[in-house]
Structures are given as structure tokens and as C-alpha cells.
Amino acid sequence: MARKCAYTKEMILEAAIKLFKKEGSDAITAKNIAKELNCSVAPIYSVYLSLDDLKKDLAFEIEKNILEENNVHPLLSKMLAKLEVYDTDEELD
């Protein structure tokens, strides 16, 4: 029997980041990420309940990388995180 390859959240996210860098945000689809990983979309949806969840993680990683590259002061980073929380709270109203 063929051995199964397990795709981790990190592997999927890394493929999404790579795809984003190459082709931009419009290319972030389950099908394109699966193609990047050489698999079906099943492993993606077994790790992420929705593509929106994956995109949230992707946005967080991109923001984190930008902050690290620009050596932004940690207090500014915390302020940005709080703004995101407030922004999310408004959507719930």
C-alpha cells in the first residue's frame, strides 16, 4: 500500500505564502495551493475549515514578516494587533 503524505498547517501556509509572493492575493485558492503542494485540496480542508481561515493565517504571517523586516518597535506591533481586534469587533455588530 502507498504511504500517505501528511500535510501540516505549516506546509500549507508556506505554500500559500510562496504563491502569494509569486502571483498575489487573487491566486490564493485551495486549488492553486494544492497545485503548489502537488496534492488534492483534501489536505487543505482537513487542516483549515475554510479558505477564509487560511487567508487569516496568511495575512497574519505576512504582517509578522513585514514587521520583522522593518524592525518595527514592539509597542507599535501591539497597537496594530489591538486595532485588528477592534476592527473585528465592529464587524460583529
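The values are calculated or read from the model by the stated rules, or taken from the named source; none is laboratory data. Everything quoted here is computed from the prediction, not taken from an experiment. Note that we place each Cβ from the backbone using ideal geometry, even for glycine, and neighbour counts take in every protein chain shown. Quick note on the areas: whole protein, heavy atoms, side chains included, nothing else; ligands and nucleic acids left out. Shrake-Rupley method; radii C 1.70, N 1.55, O 1.52, S 1.80 Å.
Miscellaneous remarks
- Per-residue accessible area (protein heavy atoms, 1.4 Å probe) orders K18, K31, K55 as K31, K18, K55, starting from the largest.
- Rounded accessible area of L37 (nearest 10 Å², 1.4 Å probe): 30 Å²
- The 3J(HN,Hα) values that the Karplus relation (6.51, -1.76, 1.60; θ = phi - 60°) gives for region 21-28 are, in residue order, 5, 7, 10, x, 5, 5, 7, 7 Hz. Gly and Pro appear as x.
- Calculated FRET efficiency, N38 to L67, Cβ-Cβ distance, R0 = 41 Å: about 0.85 to the nearest 0.05.
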